[in-house]
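This report concerns only the one structure given below.
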Amino acid sequence: MISHFPLKTLLSIFFCLVASLPCPAQMWPQPFQLKPYEREIRAVWYCTLGGIDWPGHQYAQTEHKASLQRQRLCEDFDRLKATGINVILFQARVRGTVTYASEYEPWDGSISGTPGVPPPYDPLAFAVEEAHRRGMELHAYVVTYPICSTAQARQLGKKAVSARHGELCQRAGNRWFMDPGAPGTAPYIANICKEIVSNYDVDGIHLDYIRYPEREMAFNDDIAYRKWGKGVPKAQWKRQQVTRTVKAVHDAVRGIRPWVKLSCSPVGKYSDLPRALSRGWNARDAVSQDAQLWLREGYMDWLFPMMYFDGEHFYPFAANWQQESAGHPVVPGLGVYLLSPHEKDWSLDVMTRQMNFLRFIRTGGQAFFRARFLLDNHKGIYDFCREFNAQPALTPPMTWLDNTPPETPRVKVQRRDDYCLFVSWEPVRDATPVVYNIYREDREGNVEMVAHHLKTTHYLYVPSLPQRLNDTIIVRAMDAFGNESL
């Protein structure tokens with residue numbers, strides 16, 4: 001496979017290819033397209049912190065205003081689907097506050113306008129339903145260790161995590177953090193994730209900021225280390241504490257619904273490479289994230305490394321993540337916000353080269369931080385994504401957990417009038433929930449996905465051209481692990 005080439009060879013091949021592509025002024029390189037059956041993750045972070053992606057400043061204080069919030073979410077999801085997005089990372093835990101009904105933590109103020117006060121509907125339940133309606137996965141995005149500012153804690157009063165569980169928290173300047181080294185932190189976060197998976201039909205749990213605070217933060221990790229370090233070298237002990245939280249979340253979620261995907265967003269450089277230095281900012285050594293270990297041990301199913309940089313800071317490290325993926329999808333997070341004139345004002349070419357490179361070396365896909373910058377089409381990134389993802393894609397199957405496909409559906413096709421086919425099939429029984437995907441194959445053997453993630457057992461196929469009524473219709477059952485039937 002391409003991804004098994006040495007790093008230097010990989011980079012040389014790619015840049016030679018890009019250089020040879022026709023690229024007139026103000027045009028992007030020709031996208032590398034997927035084949036119809038190829039799988040790929042196309043994700044976006046959908047942030048509720050301060051309403052920055054959603055719901056903005058339209059607070060749901062009445063049912064009418066709640067309907068406006070819901071309408072905006074539906075419009076966003078429609079437009080994201082049009083770019084080929086198949087995974088929404090929906091921010092469910094914000095900063096020790098949540099956007100769903102929780103027995104552990106208070107409501108975040110981004111929905112109702114007032115911290116601790118619920119809106120007149122359940123945003124997470126609504127987002128899950130609308131994502132599934134469009135054939136997209138929704139993963140609950142959980143900010144792990146940061147909780148809130150000291151000002152927010154005062155506003156929440158006794159409801160604040162720092163007030164209710166002071167033994168798990170530590171103040172760093174004007175911010176509060178959960179302490180990874182405190183014994184109760186891991187089970188507390190695991191219980192939050194267990195609550196989400198128990199009450200909502202989410203497809204995944206995504207952990208953000210699953211790391212120690214960066215050195216610039218006034219966070220004292222000596223306190224917990226003196227109590228519980230037990231002579232283990234401090235750097236090693238800190239990595240163990242973060243891993244302890246990751247494993248606790250893994251065990252809690254797997255005990256409820258084993259097919260729910262577990263992912264996180266580590267710092268974009270795992271560690272120094274032989275020919276590329278991280279310059280002091282990496283996942284393993286700077287913030288105690290042993291993310292490649294989490295893949296090898298099976299604690300994580302996917303990784304979304306935050307690769308918000310370019311050039312020598314991007315390409316060698318992206319290739320390293322892929323080479324050390326242990327057979328799991330690694331999906332680099334791309335900083336589309338950097339296209340904004342208010343950020344780094346990158347040209348579109350920077351982003352399109354990165355996207356082509358990731359597809360060329362067969363990473364698990366790409367993720368965008370964040371939704372509003374993609375939807376606002378900065379420098380034409382939304383338009384490019386529509387072309388780049390012209391072929392719809394399913395996410396990769398979780399074969400490391402289960403690789404047994406469900407039974408093949410028994411299909412019946414009936415011609416109706418002169419313009420459509422009614423396709424029906426018998427339901428397939430499986431140990432997990434099952435959905436159905438429909439493909440058409442023409443006489444030349446070309447295959448196209450027609451519909452996916454159907455929960456019904458029938459479908460009305462109306463082709464764009466009359467001659468396609470003579471194509472072969474294929475129905476495949478897909479289990480919750482992503483395995484498709486023959």
query = Classify segment 307-377: rounded, prolate or oblate, from the alpha-carbon gyration tensor (a ≥ b ≥ c, eigenvalue square roots; a/c under 1.5 rounded; otherwise prolate if a/b is larger than b/c)?
reply = prolate
note = Spelling it out for ASP272: with amide H atoms placed in the peptide plane at 1.01 Å from N, the residues 5 or more places away or on another chain with amide H under 5 Å from its amide H are SER278
query = Where the accessible area of segment 128-208 is counted over protein heavy atoms with a 1.4 Å probe, how much of it, in %, is carbon and sulfur?
reply = 45 percent
request  = Using only Cα atoms, find the angle between the long axis of helix 234-254 and the longest principal axis of the chain, and express it within 0 to 90 degrees, rounded to the nearest 10.
outcome  = 50 degrees
message = My understanding is that a pair violates if its Cα-Cα distance is over 22 Å; which of LYS238/LYS344; LYS35/LYS81; LYS81/LYS455; LYS269/LYS344 do that in this structure?
response = LYS238/LYS344
Cα gyration tensor, segment 289-420 - rounded (a/c under 1.5), prolate or oblate = oblate
query = Once you sort the root eigenvalues of the Cα gyration tensor of segment 205-312 as a ≥ b ≥ c, which label holds: rounded (a/c under 1.5), prolate (a/b larger than b/c) or oblate (the other case)?
reply = oblate
request  = Name the long-range amide H neighbours of CYS148: under 5 Å, sequence gap of 5 or more, or other chain; modelled H, no Pro or chain starts.
outcome  = TRP176
Per residue, in Å², the accessible surface of the chain once ligands and nucleic acids are set aside, probe 1.4 Å = 42 Å²
message = How many angstrom lie between the Cα centre of segment 188-264 and the Cα centre of segment 39-55?
response = 21 Å
remark   = Counting only DSSP loop positions in segment 213-321, the trypsin sites (Lys or Arg not before Pro) whose Cβ has at most 12 other Cβ atoms within 10 Å are ARG215, LYS230, ARG275, ARG279
query = So what are the ³J(HN,Hα) numbers for segment 399-410, from phi and the Karplus equation (6.51, -1.76, 1.60; θ = phi - 60°), rounded to whole Hz, Gly and Pro as x?
reply = 5, 6, 9, 7, 10, 8, x, x, 5, 7, x, 8
ask   = Given charges of +1 on the Cβ of Lys and Arg and -1 on the Cβ of Asp and Glu, with all other atoms neutral, how large is the dipole of segment 291-399 about its Cα centre, in debye to the nearest 20?
value = 160 debye
key: Estimated FRET transfer efficiency when R0 is 56 angstrom, pair ARG410-THR114 (beta carbons, to 0.05)   = 0.55
request  = Given the peptides 346-357, 389-400, 440-451, arrange them by the average over their residues of other C-beta atoms within 10 Å, most packed first.
outcome  = 346-357, 389-400, 440-451
query = How much net charge surrounds PHE77 when only the other residues with a Cβ under 9 Å from the Cβ of PHE77 are counted, with Lys and Arg +1 and Asp and Glu -1?
reply = 0
ask   = Can you work out ³J(HN,Hα) from phi for every residue in segment 86-100, in order, using Karplus 6.51 cos²θ - 1.76 cosθ + 1.60 and θ = phi - 60°, giving whole Hz and x for Gly and Pro?
value = 10, 9, 9, 9, 8, 6, 9, 10, 9, 8, x, 10, 9, 10, 8
message = Give the separation of the Cα centroids, segment 107-143 to segment 463-478, in Å.
response = 36 Å
note = Expected vector for segment 319-326, Karplus 3J(HN,Hα) from phi with 6.51, -1.76, 1.60 and θ = phi - 60°, integer Hz, x for Gly and Pro, equals 5, 5, 4, 5, 5, 10, 7, 6
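The values are calculated or read from the model by the stated rules, or taken from the named source; none is laboratory data. These numbers were taken from a predicted model, which means no experiment stands behind them. Using ideal geometry, Cβ is built from the backbone for each residue, glycine included, and neighbour counts are taken over all protein chains shown. With ligands, DNA and RNA removed, areas are computed over all heavy atoms of the protein, side chains included. Shrake-Rupley method; radii C 1.70, N 1.55, O 1.52, S 1.80 Å.
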